[in-house]
Amino acid sequence: MTITKSDIVEQAFNELRISGLTVNPSPEDNKLALQVLERMAIAWGNQGLLVSWDKSTYVTDPDPQDDSGIEDWALEGFAQNLALKLCPAFGKVATRELLGMAMQSKAGLYSADLITQENNPCLPVGAGENAGYWNSFQYNEESITTGNDGNLTIE
């Protein structure tokens with residue numbers, strides 16, 4: 001299922017309606033929401049959030065029927081955070097519930113995979129390591145990782 005940018009805007013206005021902050025958006029409101037959405041997605045990419053956003057050719061005039069590029073599981077995070085960003089445009093203050101849901105859904109967009117770092121053999125072993133005085137530096141195992149994160153052994 002492809003999620004268009006207008007789907008995200010519609011969901012954001014539903015979030016605002018549920019919170020009691022707005023009623024029916026006008027075409028100008030939809031255009032504003034699309035522009036805010038586009039800027040928000042680009043800013044998230046600059047913050048290191050790895051979302052597959054399809055950037056519009058014209059950021060100031062995005063096409064509502066453009067494919068967003070996001071997956072189904074990311075829709076809620078985009079919609080709730082867009083709703084949060086649209087509150088000041090309607091002269092409203094976001095509810096605590098909307099703020100909490102937006103923060104939690106944005107946190108869910110970050111990758112759960114932790115970045116691993118190679119051992120540096122020139123750094124001493126940390127406190128609590130009981131390797132003996134003869135082994136005061138980190139062990140560096142020579143290995144090559146394969147495509148599926150498995151170790152390749154060379155014999």
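Taken together, the values in this text are just the output of simple stated rules run on the coordinates, not laboratory data. Quick caveat, the model's predicted, so the values are computed rather than measured. Glycine gets a Cβ as well: all are built from the backbone with ideal geometry, and neighbour counts include every protein chain shown.
Just need a number here: residues in segment 40-55 that are more than 18 Å from Ser105 (Cβ to Cβ) and either out of contact with any strand residue (DSSP E or B) (no Cβ under 8 Å at 6 or more places or on another chain) or not in a loop (DSSP other than H, G, I, E, B) (or both). Steps first, please.
Applying the first criterion (more than 18 Å from Ser105 (Cβ to Cβ)) to segment 40-55 yields 42, 46, 54-55.
Now restrict to residues that are either out of contact with any strand residue (DSSP E or B) (no Cβ under 8 Å at 6 or more places or on another chain) or not in a loop (DSSP other than H, G, I, E, B) (or both): 42, 46, 55.
Number of matching residues: 3.
Tally the residues that are of a type in the set (A, V, I, L, M) and under 19 Å from Asp29 (Cβ atoms), restricting the search to segment 41-89.
First, pick out the residues of segment 41-89 that are of a type in the set (A, V, I, L, M): 41-43, 49-51, 59, 70, 74-75, 79, 82-84, 86, 89.
If we keep only those that are under 19 Å from Asp29 (Cβ atoms) too, we end up with 41, 59, 79, 82-84, 86, 89.
Going through segment 41-89 one residue at a time, the tally reaches 8.
Looking only at segment 58-92, how many residues end up being over 12 Å from Ala41 (Cα atoms), of a type in the set (Ser, Thr, Tyr) and touching a helix residue (DSSP H, G or I) at 6+ places or on another chain (Cβ under 7 Å)?
The total comes to 1.
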